[in-house]
Amino acid sequence: MTDPILKIENVSKRFTRWPGMAERLVGKITGGGKPVTVHALSDVTLHVSQGEVLGIVGESGCGKSTLGRVVAGIYAPSDGSVTLKGDPIVREHGNRIDKLTTQVQMIHQDPFASLNPRMKVGETLAEGPRYHRIIPSGKVREGMRELLEKVGLEGAYADRLPHQFSGGQRQRVAIARALAMKPEVLVLDEAVASLDVSIQAQVLNLFMDLRRDLGLTALFISHDLSVVRHVCDRVAIMYLGRLVELAPADELYADPKHPYTAALFASVPTVGTGKRKFEAIKGEIPSPINPPPGCAFHPRCPLAGPRCRVEAPRLTGAGPARTVACHLNDGGVDTKAETAA
Ligand code: SF4
């Protein structure tokens with residue numbers, strides 16, 4: 001791995017909801033009415049190299065979208081830092097968050113919701129580059145038409161409104177808008193999840209072409225393991241706000257080491273050979289308001305032992321380029337066995 005350009009260091013993110021007046025009054029009688037804190041991310045460290053595409057995978061509620069928003073500078077981390085080429089992504093002043101760079105751009109799941117329905121797409125694309133003076137003002141219109149062509153649309157579409165595009169075309173516009181800012185890093189948050197499978201393939205192929213031509217670095221957030229395998233160099237698996245496994249994509253798919261990763265793969269139905277049995281992950285994902293002690297996966301893990309219920313596993317090396325947070329990888333799940341050792 002070359003020197004990382006994006007460094008996510010020990011990032012935690014908590015959201016606190018303060019009770020309203022009525023809840024506080026009722027709380028005086030019932031004993032409730034206290035602030036509620038959601039632990040969306042806990043101590044996440046990831047480094048991403050120039051030109052690398054890192055997949056972020058996990059069930060709904062695992063914190064992957066929160067991580068994407070922290071990297072994109074939409075949320076400030078509660079603890080830790082995110083830096084791009086050594087410079088912080090955000091600065092926080094009380095309740096205000098200043099995003100310090102335009103070099104990280106985000107592409108969302110629903111392109112229709114992320115485009116202004118009353119603005120022609122050419123104007124939408126030009127807004128950021130014009131404001132930040134990324135392109136000389138006399139060349140903005142021409143530049144936006146070229147950008148539309150680069151993402152497989154006609155330059156003349158710059159005069160159309162978002163509702164005049166299909167879903168796949170709108171996602172191409174969203175990609176063009178992100179590229180208009182000449183970013184170093186793209187954050188794609190379930191960017192093809194709302195598209196039909198055939199359109200997904202077209203948009204993914206476009207992303208792969210752009211990645212090759214522009215040397216893009218990206219965080220690719222998805223719950224779809226087959227899509228992630230297709231586009232990512234390495235994959236980070238998250239569970240309840242924590243990183244549980246990080247590995248090159250080929251190694252992870254050939255041999256998942258963490259029981260949660262294995263359960264994720266087993267829960268994907270496959271067509272054909274019948275070699276792998278489809279099995280849904282047992283139990284519910286625990287509440288991030290009150291995460292379980294020890295390993296957060298222990299209430300659902302078929303291999304959990306006494307140690308798992310009291311001691312949180314740390315990420316430890318499981319190969320030259322992979323890490324796993326599981327006691328099976330650091331001395332065993334049995335407390336007695338560990339003590340005897
Ligand atoms: Fe399962 Fe224990 Fe490993 Fe957690 S630490 S994944 S509970 S075996």
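The values are calculated or read from the model by the stated rules, or taken from the named source; none is laboratory data. These numbers come from a predicted model, not from an experiment. Quick reminder, even Gly has a Cβ in these numbers, built from the backbone with ideal geometry, and neighbours come from all protein chains shown. Note: areas computed on protein heavy atoms with side chains; ligands, DNA, RNA excluded. Shrake-Rupley method; radii C 1.70, N 1.55, O 1.52, S 1.80 Å.
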Write down the radius of gyration of the range 185-328 and its Dmax, each obtained from C-alpha positions, in Å. 16.7, 51
Which of the listed residues, A174, Q200, L161, is farthest toward the dipole's positive end in the range 60-202, when Lys, Arg count +1 and Asp, Glu count -1 at the beta-carbon? L161
So what J values fall out for the range 237-250 if you push phi through Karplus, 6.51 cos²θ - 1.76 cosθ + 1.60 with θ = phi - 60°, rounded to Hz, Gly and Pro as x? 9, 10, 9, 6, x, 10, 7, 10, 7, 9, 7, x, 4, 4
How large is the direction-averaged shadow of the alpha-carbon convex hull of the range 1-54, in nm²? 5.3
What is the percent carbon and sulfur in the accessible area of the chain, measuring with a 1.4 Å probe over the protein chains and ignoring ligands? 52
Under the 0.36 nm per residue contour assumption, what length would be gained going from the current alpha-carbon distance of L100 and K182 to full extension? 28.0 nm
Convex hull around the C-alpha positions of the chain: the volume in Å³ per residue is 180
Too long for a 31 Å Cα-Cα cut-off, among K64/K99; K85/K282; K7/K34; K64/K182; K99/K150; K13/K257, are K85/K282; K7/K34
Lys, Arg +1 and Asp, Glu -1 on Cβ, resulting dipole of the chain about Cα centre, debye, nearest 20: 760
The chain: antiparallel DSSP beta bridges as a percent of all, rounded to 5: 65
When the chain is treated as a Gaussian network with springs between alpha carbons less than 10 Å apart, the largest mean-square fluctuation among M144, M119, M21 is found at M21
Top of G63, G155, G283 by mean-square fluctuation, Gaussian network on the chain, Cα under 10 Å: G283
Choose one answer from L225, L67, L303: the residue with the largest mean-square fluctuation in a GNM of the chain with alpha-carbon springs under 10 Å. L303
What is the diffusion coefficient of the range 28-105 in µm²/s, taking the Kirkwood radius over Cα pairs and the Stokes-Einstein relation at 4 °C with a viscosity of 1.567 mPa s? 88
Cα-derived Rg to Rh of the range 1-130, Kirkwood definition: 1.07
So if R0 is 41 Å, what FRET efficiency would T16 and D159 give, r being the distance between their Cβ atoms, rounded to the nearest 0.05? 0.35
Dipole magnitude (debye, nearest 20) for the range 98-257, charges at Cβ of Lys, Arg, Asp, Glu: 600
With the other protein chains left in place, how much accessible area per residue, in square angstrom, belongs to the chain at a 1.4 angstrom probe? 51
By its C-alpha gyration tensor, with a ≥ b ≥ c as the square roots of the eigenvalues, how is the range 132-223 shaped: rounded for a/c under 1.5, else prolate for a/b larger than b/c, else oblate? oblate
Extension length gain for K282 and D334 (0.36 nm per residue less Cα distance), in nm, is 16.5 nm
